[in-house]
Structure formats: structure tokens, C-alpha cells
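Trainee: Provided herewith is a single structure, encoded as C-alpha cells, for subsequent inquiry.
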Amino acid sequence: MALFGSPRSFLGLDIDPTEIQVVEIIDRHRPELAAYAYAARPKNASVSAVANRVSQMMSKAQTSADVVIMSLPSQNIF
């Protein structure tokens, strides 16, 4: 978390039926793009396979965000 005025970072995670995108934004005086990663989502992948792919992407992009904002396709929620 941001303490004593240090920059706060946000991780955006978009998981849709065909791709996974990760973006990290650092909020200093204005938002700055800190990291971006994109990968194709494996067809018929299990939840753990998708979670592993996201973890690999975050590790490779060297993200360090303290807040996550996420979106999922509506057909996977309802």
C-alpha cells in the first residue's frame, strides 16, 4: 500500500475467452504505464492453468502492484 505519499500501483487483469492481458499503472502525479503483458488463453484450459499463465505473465513483466482491477467474460460469471 502507498504510505507517506509514495506512488500507488494498480494491476489491470483482463481474462477473456481467447486472451489474457495484464497491465500495471503507477499513479504518480499522473498515471504511467509500468508494465504490460499479453498471452493467448489456452483453449479449454482449467482454472489452474489460466492462473499459472497469469502468474507467469506477472513474474515476467515484474509487476509489483498492490491493487488489482479485474474483468471476466460475462458468460463465465453467470
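The values are calculated or read from the model by the stated rules, or taken from the named source; none is laboratory data. Not measured: the values here are computed from a predicted model. Methodologically, a virtual Cβ is constructed for each residue, glycine included, from the backbone with ideal geometry; neighbour enumeration extends over all protein chains shown. Heavy atoms of the whole protein, side chains included, go into the accessibility calculation; ligands, DNA and RNA do not. Shrake-Rupley method; radii C 1.70, N 1.55, O 1.52, S 1.80 Å.
Trainee: Calculate how large, on average over all directions, the projected area of the Cα convex hull of the range 34-78 is; give the answer in nm² to one decimal.
Mentor: Details: hull surface 15.7 nm².
Result: a mean projected hull area of 3.9 nm².
Trainee: With Rg and the Kirkwood Rh both taken from Cα atoms, where does Rg over Rh land for the range 8-47?
Mentor: Result for the range 8-47 is an Rg/Rh of 1.13.
Trainee: Using r as the Cβ-Cβ distance of Ser64 and Ala39, and R0 as 22 Å, what FRET efficiency do you calculate, to the nearest 0.05?
Mentor: Working: r = 19 Å, r/R0 = 0.88.
Here the calculated transfer efficiency is 0.70.
Trainee: Let me spell out the model: positive unit charges on the Cβ of Lys and Arg, negative unit charges on the Cβ of Asp and Glu, origin at the Cα centre of the chain. What dipole size does that give, in debye rounded to 20? List each step's numbers first, then the result.
Mentor: On the way: 7 positive and 7 negative charges, 28 e Å.
Using only the charged Cβ atoms, the result is roughly 140 debye.
Trainee: Compute the accessible area per residue over the range 10-72, keeping the other protein chains in place, probe 1.4 Å, unit Å². Intermediate results must be reported in sequence, preceding the final value.
Mentor: Working: 4250 Å² over 63 residues.
With all protein chains present, the range 10-72 gives 68 Å² per residue.
Trainee: Follow-up. Once Rh for the chain is found with the Kirkwood sum over Cα pairs, what is the Stokes-Einstein diffusion coefficient at 37 °C and 0.692 mPa s, in µm²/s?
Mentor: Details: Rh = 13.4 Å.
For these conditions, the coefficient is 245 µm²/s.
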